[in-house]
Amino acid sequence: MTTTRSGRLALILAAGGLLSALALLGGCATNPVTGVREMILVPRDQEIAMGEESAPQFEQEFGGRVPNAALQAYVQSVGKKLAAVSDREMPYEYALVASDVPNAFALPGGKIYITAGLMARISNERQLAAVLGHETGHVAALHSVKGLQREVGASVLVELASRIVSADKADAAQAAAKVVTALGTLKYSRDDEYQADQIGIKYAARAGYNPWGMVELLTVLKNMSDSEPGTFGEMLQTHPLSSKRIAEAEAMIKGNAEYAKFSPTAPDPQAAHFIEMRRALEKTVPAPAK
Ligand SMILES: [Zn+2]
């Protein structure tokens, strides 16, 4: 068979097409939480790198880490219990950032944050476990990656992720900055939110926490968003709250025989320790200027 110049070009193009088709096939992954096959275009190692590169700038935007080693170790220890029972193995890391605006976030790759503003408004450890479990759920069920794929477009995200792992430091930093900007406006779908609540309940219970902490948490947030809508504006954008969300969480706990041993009114055995930690936080972070 003789190959003409244009014939060779056609072969190369065909091979190129095949390669991208293979790359796409490689991007189809089974969701470890739901078992559903999904189009995930950013490989795990790039997802982790993306989170690592964007973390410093992201943390800065939320006032930096609270400078108290005991508090950080506490948040990390509660988070690690949830990470240990999650459906997706990732280098999960939990930290407390100084912003007084109540919120919590998950970066792709498993870095999870709770703000001082949210920590100050909850009252026991199972509520903290519910917050961290919800965010762990976003990472485990690949919501953060899927959200970014939606937010910036899948092909742009793939390009950014590959630039982040490239040898060119300046280029990697620039790509990470773009990811941070996208993370700032990232909105999860309502379905993702419900699912993250359900996963949070599951992980909290697996880790030995009373899963009613999720209902308590959602109720605290709902009451506060009704009484101080301004403070919660930002959180509501990323985590829409509704009575339906509370009802769904309640229904899940009541509908699962495994959770029957947990009472919604039983006191949290770790509440006293949590309050001690919250007092330490009040002493560490100066009160916000009014
Ligand atoms: Zn969420």
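Please verify whether S86 is modelled with pLDDT of 95 or more, part of a loop (DSSP other than H, G, I, E, B) and over 13 Å from the mean Cα position of the chain (by Cα), treating the condition exactly as stated. Here the answer is no, as S86 does not meet what is asked. Apart from one condition, N31 fits all of (1) within 16 Å of the ligand (Cβ to nearest atom); (2) out of contact with any helix residue (DSSP H, G or I) (no Cβ under 6 Å at 6 or more places or on another chain); the exception is (1). Residues that are surrounded by fewer than 21 Cβ atoms within 10 Å (Cβ to Cβ) and more than 13 Å from the ligand (Cβ to nearest atom) number at least 1 in the following helices (runs of 4 or more DSSP H) confined to segment 124-191: 143-152, 154-164, 169-185. The single condition from (1) surrounded by fewer than 22 Cβ atoms within 10 Å (Cβ to Cβ); (2) of a type outside the set (D, E); (3) under 20 Å from A175 (Cα atoms) that V101 fails is (3). If I filter segment 99-110 for residues that are closer than 22 Å to E216 by Cβ, at pLDDT below 95 and acidic (D, E), do I get at least one hit? Yes, because at least one residue in segment 99-110 is closer than 22 Å to E216 by Cβ, at pLDDT below 95 and acidic (D, E). Scanning segment 199-233 for residues that are basic (K, R) and either surrounded by 24 or more Cβ atoms within 10 Å (Cβ to Cβ) or within 16 Å of the ligand (Cβ to nearest atom) (or both) yields a total of 2. Determine whether A196 is within 16 Å of the ligand (Cβ to nearest atom), in contact with a His (Cβ under 7 Å, 6 or more places away or on another chain) and part of a helix (DSSP H, G or I). In short, yes.
The values are calculated or read from the model by the stated rules, or taken from the named source; none is laboratory data. All figures in this text were calculated on a predicted structure; none of them were measured in a lab. Counting neighbours? That spans all protein chains shown, and the Cβs are built from the backbone with ideal geometry, glycine included.
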